[in-house]
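Reviewing the structure listed below.
The values are calculated or read from the model by the stated rules, or taken from the named source; none is laboratory data. Nothing here was measured: the structure is a model prediction, and the numbers come from that model. Here Cβ is always computed from backbone atoms with ideal geometry, including for glycine, and neighbour counts include all displayed protein chains.
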Amino acid sequence: MKLRASVAALLCVFAAEAGARELGLSLSNDTALLRYATPISYSGTGHTDADFGFMYTESDNVMFLAGIEMMGEAGSHAPGMHLGVGIKGYGVSLDSGDDVGSVALGVKGWFVPPKVNRMGVVAQFYFGPDVTTFGDAEKFWDFTGHVEYEVLPEAAVFAGYRNVRANLSQNRDVDLDKGWHIGLRMTF
């Protein structure tokens, strides 16, 4: 029941936004992460995106995320390098009955080699310390790194590593996702 309600809520978010920019799905043996991003502003050197996501794990853990990321070119001395910062809110319901919320700050890097412009390397790290993590947790982090290949101008496949972890009260750690994943990213 929790899964049905979660998917319905996420589909409402997708339907409400007409000018979708990016839709991605990444899968591991134990998790599925659906992510949606849409631009909210552009400047001469970068853009700001609203980012929404939903993760479901085989052990019935559920995670929602929503945030804003700003990305831009690193500069003329680093061709192909894009850097960004962001803020994301996470809401997690664990099968153990624990609930976690966190407001996390993060950084993101995206490198597309100029001579191999269909390939890219992406890494991001978001961290919520004790002061912005609440519920049954004291810290929260979300790390993702992957290599992608642009199959079409509007679609890329990727493979990488993800670690989403909450440090619960009484020094208990729970990994919502820890391991390798594959995925597809489509741009509209």
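Can you tell me which residue within region 158-188, out of those that are among the β-branched types (Val, Ile, Thr) and surrounded by 15 or more Cβ atoms within 10 Å (Cβ to Cβ), is nearest to residue 54 (Cα to Cα)? The extreme case among them is 164. Taken together, the residues in region 88-111 that are within 11 Å of the chain's Cα centre (by Cα) and of a type in the set (A, V, I, L, M) amount to 0. A Cβ distance below 6 Å, combined with a sequence gap of six or more or placement on separate chains, defines the contacts here; from region 143-167, residues that are closer than 17 Å to residue 65 by Cβ reach no residue that is not in a strand (DSSP E or B). Determine whether residue 143 is touching a Phe, Trp or Tyr at 6+ places or on another chain (Cβ under 6 Å), under 25 Å from residue 49 (Cα atoms) and not basic (Lys, Arg). When the stated conditions are applied, residue 143 passes them. The residue list 128, 109, 101 contains one member that is closer than 24 Å to residue 49 by Cβ, among the small types (Gly, Ala, Ser) and in contact with a His (Cβ under 8 Å, 6 or more places away or on another chain), which is 109. Inspection of region 148-160 finds a residue satisfying the criterion of being part of a loop (DSSP other than H, G, I, E, B) and either closer than 26 Å to residue 39 by Cα or among the acidic types (Asp, Glu) (or both). Only one entry in 94, 83 is under 21 Å from residue 174 (Cβ atoms), in contact (Cβ under 8 Å) with a residue 12 or more places away in the chain and either among the acidic types (Asp, Glu) or surrounded by 17 or more Cβ atoms within 10 Å (Cβ to Cβ) (or both), namely 94. For region 66-107, the set of residues classified as among the polar types (S, T, N, Q) and not in a strand (DSSP E or B) consists of 76, 96, listed by residue number. For region 84-91, the count of residues that are out of contact with any Leu (no Cβ under 8 Å at 6 or more places or on another chain), at pLDDT 95 or above and aromatic (Phe, Trp, Tyr) is zero.
Residues in region 41-54 that are farther than 14 Å from residue 23 by Cα, surrounded by 14 or more Cβ atoms within 10 Å (Cβ to Cβ) and not small (Gly, Ala, Ser): 47, 48.
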